[in-house]
Structure formats: structure tokens, C-alpha cells
Amino acid sequence: MNLVTISGPPSSGKTSVILKVIEAVKKSGLAVGVVKFDCLYTEDDILYEKAEIPVKKGLSGSLCPDHFFASNIEEVVTWGKKQSLDLLITESAGLCNRCSPYIKGIKAICVIDNLSGINTPKKIGPMLKTADIIVITKGDIVSQAEREVFASRVNSVNPQAVIIFVNGLTGQGAFELSTLIYDEHLDIETVKGKELKFSMPSALCSYCLGETRIGSEYQMGNVRKIDIGDEND
């Protein structure tokens, strides 16, 4: 079984891209399943079910969904193996752009949309910088010049990644992406013992533990303060 992790900012078109890619992969006779990670609510699993794709969803609730991912990916892989899948795709929640739900040795894809602004690639951390493939969506809405400038900005942040444009509505580019994500020579039995490509954000403060009051006297643990400077400045 192949395992692929897909992440990206909110509303970048991750689910649409995955559905189009699976259409292409299925034509090769491969069995594909999806596990959707999100925070409080998602109906994406219904879209996958309508497409007759085996799917599971995990809602992290009050926890960071990417920490939730790291804590549950081993069980997810076990589920995929029991389903006799050839390809298992995990889709992460789109959040703060800092997390990196990628595993060393596992293909990592970041989906980013062309409408997010030309400076957006620099604002995204390991989620973009450590991806193996970067998918740019919504390129049909902007001009060719804007597409090229945006792709150049993405390349400057992650020059090692393969950059591909995919239209989540028409499916243009989905077949090309499907040829990149599956490797018939790769077989993932387990992810136990594997390492994340980059460490998760560190935070264990009073607010993590349920504190709701504002004020320094209520703040404990891993707390970082903004540098305001001297009051007389």
C-alpha cells in the first residue's frame, strides 16, 4: 500500500483535487481510500462516500488536528491495510500554515491556491517548504502572468518540489498528478518508528490546559511575549 499525505491552507481545494485524482487512479484498477482529519466538523466524508471511496474521518475537537494526525496515523495505516487498499490518502485540516503533517519517506503534497496572494508562499512554513509536490489550484481565474509569478514565488520557497497546476472543477492536471503520487514499487506496512519531517509547534501553557482568563498572572508554561520596546519610544 502507498500512503500519501495532503495538506494545505483552508479552502485551497484539497478535497476537490483529491476527488479528481482518485477518478484518474481508479481507471488504473487501483483501490483507493481516504482519511479526512479536521477540527470540529466536516462533510467531506459524504463527498467521498458518494464517489464510492472508502473513507474515515477524525475530528480533533479541542486538540490541534495535526497533533491529532501524528497520534493516530499508525491506526489509520492499519485500517488501510485491512481494507486491502493500494493507495491511502490522508487529508489534513487547513489551519495556521505552521504545522507539518508530513512523515519522512512518505510522499507529501501541499495544495495552495492562486488567489491567496503572491506573498502567501513565504507565509507558509514546513507545510509548503518540506512538501515533495506542490499543487496550485484556481489558476484558471487569474492571468498567465499571475500564474507564472505565483509559481515562481512557490519555487523560491521550495525549489526541490515538483509544482503542478490542477483544476479541481474540470480535473485538468489531475491525471498528471495521479502519475506522480503512486509508486508500484513502494509498500508501506507500518509507520511505527518513522519520523516527522519537521517538529510540530510547541505549546504547553495555561490556555492549552483550559484557562480562559486574560492576564500575565494567569499565564504559565511555554509563553512567548511580543517585543513592544521601551515605553518611552
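A few points about this structure:
- Of all DSSP-defined beta bridges confined to the chain, some 5% are antiparallel rather than parallel.
- Counting only DSSP H runs of at least 4 residues, each contributing -39500 (n - 2.57), and dividing by the residue count of the chain, the helix-based mean residue ellipticity at 222 nm comes to -8500 deg cm²/dmol.
- Taking all Cα pairs closer than 8 Å and separated by 6 or more residues, the relative contact order of segment 17-73 comes to 32 percent.
- Label-zone membership for segment 1-37, site D140, 7 angstrom Cα→C-beta point, backbone N under 17 Å: 12-24
- For trypsin sites (Lys or Arg not before Pro), the sites in segment 3-59 that DSSP calls loop and that have at most 13 other Cβ atoms within 10 Å are K27.
- In sequence order, calculated HN-Hα J values of segment 165-180 (Karplus, 6.51, -1.76, 1.60; Hz; x Gly/Pro): 9, 9, 9, x, 8, 8, x, 4, x, 5, 5, 4, 5, 4, 6, 8
- FRET efficiency for S71 and Y41, using Cβ-Cβ distance with R0 set to 25 Å, rounded to 0.05: 0.80
- For the chain, the longest site-free run once GluC sites (Glu not before Pro) in DSSP loop states with at most 12 other Cβ atoms within 10 Å are removed: 53-183
- Loop-resident sites, segment 1-100, for chymotrypsin sites (Phe, Trp or Tyr not before Pro), counting at most 14 other Cβ within 10 Å (DSSP): Y41
- Modelled FRET efficiency - R0 25 Å, L63 with L115, Cβ distances, 0.05 increments: 0.25
- With Cα atoms, 0 to 90° folded angle of helix 14-26 axis to the chain main axis: 20
- Helix 144-157 and the longest principal axis of the C-alpha atoms of the chain enclose an angle of approximately 60°.
- Above-threshold pairs, the threshold being 25 Å between Cα atoms, out of K50/K82; K82/K194; K122/K192; K36/K104: K122/K192
- Note on I46, I103, I109: ascending count of other Cβ atoms within 10 Å places them as I46, I103, I109, the fewest first.
- Only one of (i) 1.09; (ii) 1.16; (iii) 0.97 was calculated from the structure for Cα Rg over 2.2 N^0.38 Å, and its label is (i).
- Counting only Cβ charges, +1 for Lys and Arg and -1 for Asp and Glu, the dipole size of segment 1-152 around its Cα centre is about 300 debye.
- Kirkwood hydrodynamic radius (C-alpha pairs) into Stokes-Einstein, segment 99-189, 25 °C and 0.890 mPa s, D in µm²/s: 178
- In range of the label at H185: residues from segment 1-43 whose backbone nitrogen is under 17 Å from the point 7 Å along Cα→Cβ: 1-3
- Full-extension gain in nm, S199 to A31, via 0.36 nm per residue minus C-alpha separation: 57.3 nm
Values in this text are rule-based calculations from the coordinates and carry no lab data. Given the structure is predicted, the values throughout are model-derived calculations rather than measurements. As a convention, Cβ positions derive from the backbone with ideal geometry for all residues, glycine included, and neighbour counts pool all protein chains shown.
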